[in-house]
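The structure appears right after this line, and notes come after that.
The values are calculated or read from the model by the stated rules, or taken from the named source; none is laboratory data. Predicted, not measured: the structure shown is a model, and the values here were computed from it. Neighbour counts run over all protein chains shown; Cβ positions are idealised from the backbone, glycine included.
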């Protein structure tokens, strides 16, 4: 198994899950924005020149959420994904997709407008709106975590997706000082050896 990876990207999610599943894997490491991701060779792996990409026994798949679902369906054996008949299953799916549906779009806007664009092209209106929407999305996570350690009660792939998004939101400046449940949640996630290993690659 081979993971095309860049630090501080969504590829961390996949390395984290592979560590949690105790699956051996090879790393092909890049940096975010690496010119090597814009080559004809890499475009054959991902037509947009992005990571993560996973190769597994002849299968090549991209999109972090899809890779998480693929790995859990094929290798999890019920450890990090509830059974279809489990009452938490619908909520597991909801929180699995909440990362990209509700959080990361705002994080992306903030990164582009405050880091990637030159100052003369930045738009404060976009930044303020993104932070407002991000705060609402995180408040929902915070409320859901009341009296729970993880999004559906036990640690699942949903925590790898949306937990990683919460960590990213905090790093770009989201104010979660009044969201004690998320603060503690992030601490719990960062204490997991699998995430610690993934963040050191």
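Here are a few things to note about the model shown:
- Filtered by the rule that a residue be part of a loop (DSSP other than H, G, I, E, B) and surrounded by 13 or more Cβ atoms within 10 Å (Cβ to Cβ), the range 148-164 gives 149, 150, 151, 152, 153, 154, 155, 156.
- Among the residues of the range 77-94, those that are surrounded by 12 or more Cβ atoms within 10 Å (Cβ to Cβ) and either part of a loop (DSSP other than H, G, I, E, B) or touching a helix residue (DSSP H, G or I) at 6+ places or on another chain (Cβ under 6 Å) (or both) comprise 79, 80, 81, 82, 86, 88, 92.
- Residue 180 meets each of the listed conditions (1) surrounded by 13 or more Cβ atoms within 10 Å (Cβ to Cβ); (2) touching a helix residue (DSSP H, G or I) at 6+ places or on another chain (Cβ under 9 Å) apart from (1).
- Some residue of the range 136-147 being loosely packed, with under 15 Cβ neighbours inside 10 Å and part of a loop (DSSP other than H, G, I, E, B): yes
- Taken over the range 56-72, the residue count meeting the criterion of being outside any loop (DSSP other than H, G, I, E, B) and either within 18 Å of the chain's Cα centre (by Cα) or surrounded by fewer than 10 Cβ atoms within 10 Å (Cβ to Cβ) (or both) is 11.
- The range 5-55, subset out of contact with any helix residue (DSSP H, G or I) (no Cβ under 8 Å at 6 or more places or on another chain) and assigned to a strand (DSSP E or B), residue farthest from residue 196 (Cα to Cα): 55
- Residues satisfying the stated conditions in the range 56-67, i.e. over 18 Å from residue 104 (Cβ atoms), touching a helix residue (DSSP H, G or I) at 6+ places or on another chain (Cβ under 6 Å) and either touching a residue at least 24 places away in the same chain (Cβ under 8 Å) or not assigned by TED's automatic domain parsing to the domain that holds residue 14 (or both): none
- Considering the range 95-113, the residues that are crowded, with 17+ Cβ neighbours inside 10 Å and either closer than 16 Å to residue 156 by Cα or modelled with pLDDT under 95 (or both) include one that is nearest to the chain's Cα centre (by Cα), namely 99.
- Of the candidates 154, 162, the single residue that is out of contact with any helix residue (DSSP H, G or I) (no Cβ under 8 Å at 6 or more places or on another chain), modelled with pLDDT of 95 or more and assigned by TED's automatic domain parsing to the domain that holds residue 98 is 154.
- When the residues of the range 168-177 are filtered to those that are without any contact (Cβ under 8 Å) to a residue 24 or more places away in the chain and closer than 16 Å to residue 130 by Cα, the one that is surrounded by the fewest Cβ atoms within 10 Å (Cβ to Cβ) is 171.
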